Amino acid sequence: MVQLSGNLAACEARVLVVWAVVGSYPAARLAFAWAKTDEVPLLLGQINFFLEFDVCFYRSRSVFDVRPRRSGEESL
C-alpha cells in the first residue's frame, strides 16, 4: 500500500514494482500505482520512471526522447 496526498488522500492505493523493458534498453525496475477511485483509476510514470530514465521534451516539434540514466547513478 502507498499513501497518496491531496484530493486522493482518503483513497486506498496500491503499488506494484516490476522489471520492465522500455524500447531496446536494458530492463529497469519500475513502480506502478493505482488508486481505488473512479476519478483516477491509474497513476503512472512519476513514481520512479523519471529516476530510471532521462526524458527530454521538444514541445515545438511535438516529440520526446527517452534514454536510460547513466550507469553508476543511484536508482530507486
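Here, each number is a calculation from the coordinates, and none is a lab measurement. Everything numeric here is computed off the predicted structure, so don't read it as measured data. Methodologically, a virtual Cβ is constructed for each residue, glycine included, from the backbone with ideal geometry; neighbour enumeration extends over all protein chains shown.
Annotations for the structure displayed:
- Where labels lie 7 Å past Cα in the beta-carbon direction, separation of LEU8 and ARG70 in nm: 3.2 nm
- Inter-probe distance in nm under a simple model that places probes 7 Å from Cα toward Cβ, at ARG61 and VAL18: 3.1 nm
- Rounded to the nearest Hz, the phi-derived 3J(HN,Hα) couplings of segment 12-29 under the Karplus curve 6.51 cos²θ - 1.76 cosθ + 1.60 (θ = phi - 60°) are 6, 9, 10, 10, 10, 10, 9, 8, 9, 9, 10, x, 9, 7, x, 4, 10, 7, where x marks glycine and proline.
- Net charge of Cβ neighbours under 15 Å - reference LYS36; Lys, Arg +1; Asp, Glu -1: -2
- Three-way shape label, segment 6-68, alpha-carbon gyration tensor, a/c 1.5: oblate
- Ordering SER62, ALA13, THR37 by Cα displacement along the dipole of segment 6-68 toward the positive end leaves SER62 in first place; charges were set at the Cβ atoms of Lys, Arg (+1) and Asp, Glu (-1).
- 14 Å beta-carbon shell around PHE57, net charge (K/R +1, D/E -1): +1
- Taking amide H positions as modeled 1.01 Å from N, with prolines and chain starts lacking one, the residues under 5 Å from PHE53 and 5 or more places away or on another chain are ARG69.
- Cut-off 14 Å between beta-carbons: net charge of the residues surrounding ALA9, Lys and Arg +1, Asp and Glu -1: -1
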